[in-house]
Amino acid sequence: QVQLVQSGGGLVQVGGSLRLTCVVSGRIFNTSFMGWFRQAPGAEETFVGGINWGDGNTNYTDPVKGRFTVSRDTAKNTMYLQMNSLKPEDTAVYYCAVHRGGYTTMYTSYENWGQGTQDTVSS
C-alpha cells in the first residue's frame, strides 16, 4: 500500500516562497510519474507540475513555469515543490499524487494521493 504524507506550505506574502514536501511510503516504480495538483475554492484539481521518478524529467503547467520547481530524492522516497515569486492566484490546497504509468495531467489517472496542504498567498 502506497501512502503519501505532505508537509510544508502555509501563509506567505506576494512574491514570497514556499516549499512543499511529499514523503512516500511503499514502493515507487521507475515508470511512475509523481505530480503536484492544486484546487482553488469551487474549482477542480488542476495539474501544477510533476516528475518522472525514474529519469527525473519534469513537466509544468504554463502559469508556474519559471517560478515552481519539482524535484525528488529517490533515496528518501521524497518529492518536493519549490514555489517562488508567489501570486495571489497560487492560493489553493496543494496535493501530491503518484501515477504508476507515465506523464499525465489528468488527476483521475493518479492512484494515490497526499492529504493536501492549504497554501495562501496574501497581497
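Quick note: the coordinates plus some simple rules give every number you see, no bench work behind them. Please read these numbers as outputs of a predicted model, since none were measured by experiment. Ideal geometry is used to build each Cβ from the backbone, glycine not excepted, and the neighbour counts take in all protein chains shown.
Things worth noting here:
- Extended-chain gain in nm, criterion 0.36 nm per residue less alpha-carbon gap, E44 and L11: 9.7 nm
- The phi torsions of segment 103-113, fed into the Karplus equation with coefficients 6.51, -1.76 and 1.60 and a -60° offset, translate into couplings of 4, 7, 9, 7, 5, 5, 7, 8, 8, 10, 10 Hz, rounded to whole numbers, with Gly and Pro shown as x.
- 3J(HN,Hα) along segment 23-29, derived from phi through the Karplus expression 6.51 cos²θ - 1.76 cosθ + 1.60 where θ = phi - 60°, amounts to 9, 10, 9, x, 7, 10, 7 Hz, with x in place of Gly and Pro.
- For a paramagnetic label modelled on Q118 (point 7 Å from Cα along Cα→Cβ), amide N atoms under 20 Å away belong, within segment 43-75, to 43-46.
- The chain: relative contact order as a whole-number percent, Cα under 8 Å and 6+ apart: 35
- Computing FRET efficiency as 1/(1 + (r/R0)^6) for E89 and S109, where r is the C-beta to C-beta distance and R0 is 22 Å, gives about 0.30.
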